[in-house]
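The structure under discussion appears below in the form of structure tokens.
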């Protein structure tokens, strides 16, 4: 039986959450949406384009009524929910309509902040927040010619530009000494003001309005300094406040917004909040990208899927006024302990300021005139990158270039469209494989630039770069198999951007030719899904036989993990006792481990429990193998212990980690590579200076010799480099792509060194390995080595 999901609010954040839910569990909910406006979901950000005359109302609709009907969603527009009965779990609308719910999502958005000035209730005073406001302003512009906008922030300037486009004279009144003072510094604000004045705007700065004059309707503004201006139309654009009226009436906890935790849950059971109405860790967000992040997390939560918690978002702004490009992100006002990197070109009309924190990390940025670098800087701010990353980019010419070098500097997985989470590689792959030739086609195919439009210049540059064949790093590759036209890269991008509950939902969504797939694509899809969301394959049912490998005769093989190949007497006895008890017919010593084969289906669970050891698990890919160790005869017990200890430390970090292809790993206790380190995917060889680390070898046909990646002084350094390599390979390799082929595709050993010698990247990769994949439950196995 489907659960009842009711959503109050029909705006961008709420409907994005519904879209995510439909992707995850299309048949799980009976969905009802109440929207107070008479329209289906539209792009509120593009209202300024409507006011400026660049778009019509129909152009900014995101989900038309046919979309709701297609997905079985009951939509009530022009209907406002007035009360929530938390005990009976029902909602009541202003039309008397009552609906029960199992899950209630509050997505009531925000309300414009109206200054409590005398005369604020006069006709001719309005906000600029929704379609109705927009249409009223356009209608008023046909009759009146003089307008005043109170507020020199982002929304106020966009409204003012729209009024100019409607043929009105416009005064912008701002209570600060410069425009957009929360997002810009004085230099950028001055440049912006000059550009807008050239378009016809007039600015009154450091002005505080005392009252709105006029007898029957607005006639002007009186200021606290005794001055006055005339105005037939007054637009309030001084900010927004979360719409918490329904929550307050229903005794749901409210501070400034509706209080939610990291999973968008209110303290009231079965009630959630998302978007501008929600308050997370004391912050209510008004930008699209954070709201879409919240929507994705909430969707997984209500679908009963594991999800990472919402940790807050880095704020950024981009002005959408014709002919003017302004970008701002993070902390833009430095204090005495911080510094800035500033570049200014008066002839080109460009300005760039990057704020560096006291600890040397990139904390904020302001760009004027050329904002293409904004996406890269935003990523640096989110990652708290060291300032050396910026200097490296500047030396390569990426920071000052508006063309190819900027695109080349971006990593394949760099986010281009923050609103919709679209990466560089997804856009470039779509352009090549779908034959896209225009920005509009890219937007339709990938959603990039489809929300706020701020990334459109970068999307345009990516399109030109790809079509010119300079973007050779993204190659058109063959489809995974004959079941589809999708390549490995496109499937990975699809899995990364949308949550799927199983491979069959994924195949349906991507239009697989064979609905049941084949032996080639099924394991690949399973791996890509599992690497994105391991919880899909970590349930009790899915793990019942994951520790056993089925043989052709119907019996199973179990491989206990023996870190470093070193067994205690107790552990060896457990294995031999199990061999007798379960009458295991075949036992084989392997490089660094033991295989127990011929096990009956009915004995698997009790055997693994009897062993009390971790076993190699086959969940959704290939488990990491036992590590081969070897030392030179006569080299001494210390060399043996060093090799075994390094192997054991690495193997105990494996846990249930799954890889895209079978790997081999070895540790040699001497430079002679007696463990075969030169023909392994990852090899360590002890040398007087520490550990030589080799990667990309293969002992199978074709035989490939591993290449020296680095020499590391100690165990910890060698292990960090090794796990960083494994994590990078795991994240970016295609299914069944051996490490040597992957290394070639990534640019060879020189490129691998460049990337992995980056201390920050190495730490991030090794950190993700430790955080996501370390085995915290190592069973009864205890490695005891005595000198």
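Going by what's in this entry, would residue 384 be described as surrounded by fewer than 18 Cβ atoms within 10 Å (Cβ to Cβ) and either in contact with a strand residue (DSSP E or B) (Cβ under 8 Å, 6 or more places away or on another chain) or assigned by TED's automatic domain parsing to the domain that holds residue 153 (or both)? Step through it out loud before you land on a result.
Numbers: surrounded by fewer than 18 Cβ atoms within 10 Å (Cβ to Cβ): yes; either in contact with a strand residue (DSSP E or B) (Cβ under 8 Å, 6 or more places away or on another chain) or assigned by TED's automatic domain parsing to the domain that holds residue 153 (or both): yes.
The answer is yes for residue 384.
Among the residues of the range 67-78, not a single one is at negative phi, more than 33 Å from the chain's Cα centre (by Cα) and part of a loop (DSSP other than H, G, I, E, B). In the range 104-119, what residues are under 22 Å from residue 51 (Cα atoms), out of contact with any helix residue (DSSP H, G or I) (no Cβ under 7 Å at 6 or more places or on another chain) and either in a strand (DSSP E or B) or at pLDDT 95 or above (or both)? Answer for the range 104-119, where residues must be under 22 Å from residue 51 (Cα atoms), out of contact with any helix residue (DSSP H, G or I) (no Cβ under 7 Å at 6 or more places or on another chain) and either in a strand (DSSP E or B) or at pLDDT 95 or above (or both): 111, 112.
Quick check on the range 180-195. Is at least one of its residues over 30 Å from residue 343 (Cα atoms) and modelled with pLDDT of 95 or more? Among the residues of the range 180-195, not one is over 30 Å from residue 343 (Cα atoms) and modelled with pLDDT of 95 or more, which makes the answer no.
Residues in the range 146-168 that are more than 24 Å from residue 354 (Cα to Cα) and in a loop (DSSP other than H, G, I, E, B): 151, 166, 167, 168. If you go through the range 675-691 and keep only what is modelled with pLDDT under 90 and buried (at least 19 other Cβ atoms within 10 Å of the Cβ), you end up with just 675.
Taken over the range 49-76, the residue count meeting the criterion of being more than 30 Å from residue 199 (Cβ to Cβ), in contact with a strand residue (DSSP E or B) (Cβ under 9 Å, 6 or more places away or on another chain) and surrounded by fewer than 16 Cβ atoms within 10 Å (Cβ to Cβ) is 5. Just one of the listed residues (765, 756, 709, 719) is more than 28 Å from residue 561 (Cα to Cα), surrounded by 17 or more Cβ atoms within 10 Å (Cβ to Cβ) and in contact (Cβ under 8 Å) with a residue 24 or more places away in the chain, namely 756.
Residues checked against (1) touching a residue at least 60 places away in the same chain (Cβ under 8 Å); (2) outside any strand (DSSP E or B); (3) touching a strand residue (DSSP E or B) at 6+ places or on another chain (Cβ under 9 Å); (4) buried (at least 22 other Cβ atoms within 10 Å of the Cβ):
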{"site": "328", "(1), (2), (3), (4)": "yes, no, yes, yes"}
{"site": "347", "(1), (2), (3), (4)": "no, yes, no, no"}
{"site": "351", "(1), (2), (3), (4)": "yes, no, yes, yes"}
{"site": "365", "(1), (2), (3), (4)": "no, no, yes, yes"}
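Scanning the range 643-702 for residues that are more than 22 Å from residue 756 (Cα to Cα) and in a helix (DSSP H, G or I) yields 643, 644, 645, 648. Kindly evaluate residue 53 against the criterion of being modelled with pLDDT of 90 or more and outside the structural domain of residue 134 (by TED's automatic domain parsing). Here the answer is no, as residue 53 does not meet what is asked. Tallying residues that are in a helix (DSSP H, G or I) and within 28 Å of residue 726 (Cα to Cα) within the range 508-536 yields 15.
Annotation note: Cβ proximity below 8 Å between a residue of the range 487-501 that is without any contact (Cβ under 8 Å) to a residue 40 or more places away in the chain and a residue that is surrounded by fewer than 20 Cβ atoms within 10 Å (Cβ to Cβ) (sequence gap 6+ or interchain) occurs for 491/510; 494/509; 494/510; 495/532. Here residue 285 fulfils each of the conditions (1) closer than 22 Å to residue 296 by Cβ; (2) modelled with pLDDT of 95 or more; (3) assigned to a loop (DSSP other than H, G, I, E, B) apart from (2). Among the residues making up the range 27-45, those that are in contact (Cβ under 8 Å) with a residue 60 or more places away in the chain and within 26 Å of the chain's Cα centre (by Cα) are 28, 29, 42, 43, 44, 45. The residue of the range 137-155 that is farthest from the chain's Cα centre (by Cα), among those that are surrounded by 16 or more Cβ atoms within 10 Å (Cβ to Cβ) and either more than 19 Å from residue 119 (Cα to Cα) or not assigned by TED's automatic domain parsing to the domain that holds residue 186 (or both), is 141. Which of the residues spanning the range 231-282 are outside the structural domain of residue 12 (by TED's automatic domain parsing) and free of Cβ contacts under 8 Å to residues at least 60 places away in the same chain? Across the range 231-282, there are no qualifying residues. So, of the residues in the range 596-623 that are modelled with pLDDT of 85 or more and assigned to a loop (DSSP other than H, G, I, E, B), which turns out to be farthest from residue 655 (Cα to Cα)? The selected residue is 600. Residues in the range 302-311 that are surrounded by 14 or more Cβ atoms within 10 Å (Cβ to Cβ) and more than 12 Å from the chain's Cα centre (by Cα): 302, 303, 305, 307.
Please pick out the residue among 206, 171 that is more than 30 Å from residue 62 (Cα to Cα) and part of a strand (DSSP E or B). Quick ask: steps written out before the conclusion?
Numbers: 206 fails: part of a strand (DSSP E or B).
The match here is 171.
Of all residues in the range 422-453, those satisfying the criterion of being over 15 Å from residue 490 (Cβ atoms), touching a residue at least 12 places away in the same chain (Cβ under 8 Å) and out of contact with any helix residue (DSSP H, G or I) (no Cβ under 6 Å at 6 or more places or on another chain) are 437, 438, 443, 453.
The values are calculated or read from the model by the stated rules, or taken from the named source; none is laboratory data. Keep in mind the model is a prediction, meaning the values are calculated, not measured. Counting neighbours? That spans all protein chains shown, and the Cβs are built from the backbone with ideal geometry, glycine included.
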